[in-house]
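Shown next, in structure tokens, is the structure this report addresses.
No lab work stands behind these numbers, since they all come straight from the coordinates. On a predicted model such as this, the values are computed, not experimentally measured, just so you know. Here the Cβ is made from the backbone with ideal geometry for all residues, glycine too, and neighbour counts use every protein chain on show.
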Amino acid sequence: MVIATIKRRAIPEGINVLYGEASPFFIPKSLLLEFSLPYFEDGTEIDEFLLKDLQHINDCYLCRKKGLDLLARREHSIFELRGKLIKRKFSAQSITNAIEYLVSKNFLSEKRFCENFISSRIKKSEGKYLILQRLHQKGISSSLSNKVYEENIDFDIEKGACIISLKKIRFKYDDKQIIKDKLLKKGFSNSIIRECFDEIY
């Protein structure tokens, strides 16, 4: 039974699927070919089974677009991006498809996300252990987060962040043990804290 028809569109190149009183939806030509479907001619009649396939492809298309929109604002981990796409009611299949596509095109990169995240948290004077904990909460594996941290942050950089934190905390507290405890909570190691205490006091 025919329930929809096709109308080609030139810019961007693709098809509009027209059915009943519902709003037409668009699928790019490239996505049709990716899903092994033909570039349908104008007036091609669509039955309910093919319509479901085209609706799924459209959902993948919209999911990719939303993923790109979110990534244009800032880097995301896969875990973060998946969560945001779930909240927008995309199907599990469409989300998996979108994430695989975005990773394959290097629009979505866990390594790049780690690099940016670590850099931003060091600038906020946080230490290694707190940063790695935050990355774990964002779905990044400990092996990747440790590797990226070691590649980008050396002892002197972390020590500098610790000294900045120490100086800020010292304005509020005089007790050295309290200051040390605060620095530990900010993710700095005992060895870094000792070095900074030796330099400041």
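Database remark: amide H of GLY14 closer than 5 angstrom to the amide H of ARG9, LYS29 (H placed geometrically; neighbours at sequence offset of 5 or more, or on other chains; Pro and chain starts carry no H). Both the radius of gyration and Dmax for segment 1-132 are 19.0, 65 Å, in that order, over alpha-carbon atoms.
At the listed q of 0.19 Å⁻¹, the Debye profile of segment 110-200, built from one uniform point per Cα, gives log10 I(q)/I(0) equal to -0.80. Taking all Cα pairs closer than 8 Å and separated by 6 or more residues, the relative contact order of the chain comes to 15 percent. The alpha carbon centroids of segment 19-91 and segment 175-201 are separated by 52 Å. Seen from all directions on average, segment 66-148 presents a Cα convex hull projection of 5.5 nm². 3J(HN,Hα) couplings calculated from phi for segment 44-50 with the Karplus curve 6.51 cos²θ - 1.76 cosθ + 1.60 (θ = phi - 60°) are, in sequence order, 4, 8, 10, 8, 5, 6, 5 Hz; Gly and Pro show x. With 29 Å as the limit on Cα-Cα distance, the pairs of LYS66/LYS182; LYS84/LYS128; LYS87/LYS185; LYS89/LYS111 that go past it are LYS66/LYS182; LYS87/LYS185.
Computed about its Cα centre, the charge dipole of segment 78-123 is approximately 220 debye, with only Lys, Arg, Asp and Glu carrying charge at their Cβ. Couplings 3J(HN,Hα) of segment 183-195, computed from phi: 5, 4, 5, 7, x, 8, 7, 4, 5, 5, 4, 4, 4 Hz, in residue order, whole Hz [Karplus 6.51 cos²θ - 1.76 cosθ + 1.60, θ = phi - 60°; x for Gly and Pro]. The rule of thumb for compact globular proteins, 2.2 N^0.38 Å, goes into the C-alpha radius of gyration of segment 1-74 1.15 times.
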